[in-house]
1. How long are the semi-axes of the ellipsoid equivalent to segment 21-179, from square roots of 5 times the Cα gyration tensor eigenvalues, in whole Å, largest first?
2. Please identify which residues in segment 67-99 have an amide N closer than 17 Å to a label point set 7 Å out from the Cα of Glu142, following the Cα→Cβ vector.
3. Can you give me the relative contact order of segment 11-160 as a percent, contacts being Cα pairs under 8 Å and 6 or more apart?
4. Let me know the volume per residue of the alpha-carbon convex hull for segment 4-80, in Å³.
5. Taking the Cα centre of the chain as origin and charging only Cβ (+1 Lys, Arg; -1 Asp, Glu), how large is the dipole, in debye to the nearest 20?
6. Please compute the modelled spin-label separation between Ser89 and Leu30, points set 7 Å along Cα→Cβ, answer in nm with one decimal.
7. Taking amide hydrogens as modeled 1.01 Å from N in the peptide plane, which residues meet the under 5 Å criterion relative to Gly39, leaving out close sequence neighbours?
8. In what sequence, highest mean first, do 96-106, 148-158 appear when ranked by Cβ atoms within 10 angstrom?
Amino acid sequence: MNPLTHEFFFEAFNRLERHVEARYGIPVVLTDVPSPFTGDLDGEEIRVDFENDPEEALFILVHLFGHTVQWNVSERSREIGRQAISNPSEELLAELASYERDAARYSMALLHDARVEGLDQWLSEFSACDVAYLLHFYRTGEKRPFRSFWRKGAPTLDPLPLPEFHPTKWWSRWEGVVI
């Protein structure tokens, strides 16, 4: 039986929201996030657009948690998250892909830390889709439907150990350029 139902994602989101707030002291706010964004972060708080379905909301929550970790432990990660990308070199695209994959690996560690089971392959596929979407957009400027980049069977991500960090407000992502 496939446990990845609307209710499963809803329950996983609620469990992870409580875990992120209690364990890491990062408020998770369901709100209207300005378009075209579906979530936002500032290094101290995570915002998830209330119009997301539970599956998308869960991905946004865990993925923005990953970026929150990065922003609080690496000045370079903050710089990458704020860059306006236009005509990127292959070297910069490789760095962006690595930045996104590391956020996903922190996301995987969060799932394990909160003992949320059954989502490793889902997160790996969602994250691979996200990276493929972003790289296509950065190369072409074209915004194709997100799910058109989804491929079953993506390699399972290895969790990246969560370092000690102190949530610090840097800026809102929408003040930057992440799409």
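1. Details: eigenvalues 91, 70, 54 Å².
They are 21, 19, 16 Å, listed largest first.
2. 87-88
3. Values: 189 pairs, mean separation 29.2, N = 150.
Relative contact order of segment 11-160: 19 percent.
4. 88
5. Values: 18 positive and 30 negative charges, 59 e Å.
My answer is approximately 280 debye.
6. Each label point lies 7 Å from its Cα, and together they span 4.5 nm.
7. Here the answer is Asp49, since their amide H atoms fall under 5 Å of that of Gly39.
8. 96-106, 148-158
Laboratory data are not the source of any read-out in this text; all were calculated from the coordinates shown. Computed from a prediction, not measured in an experiment: that's the story for all the values here. Every residue, glycine among them, receives a Cβ derived from its backbone with ideal geometry; neighbour counts consider all protein chains shown.
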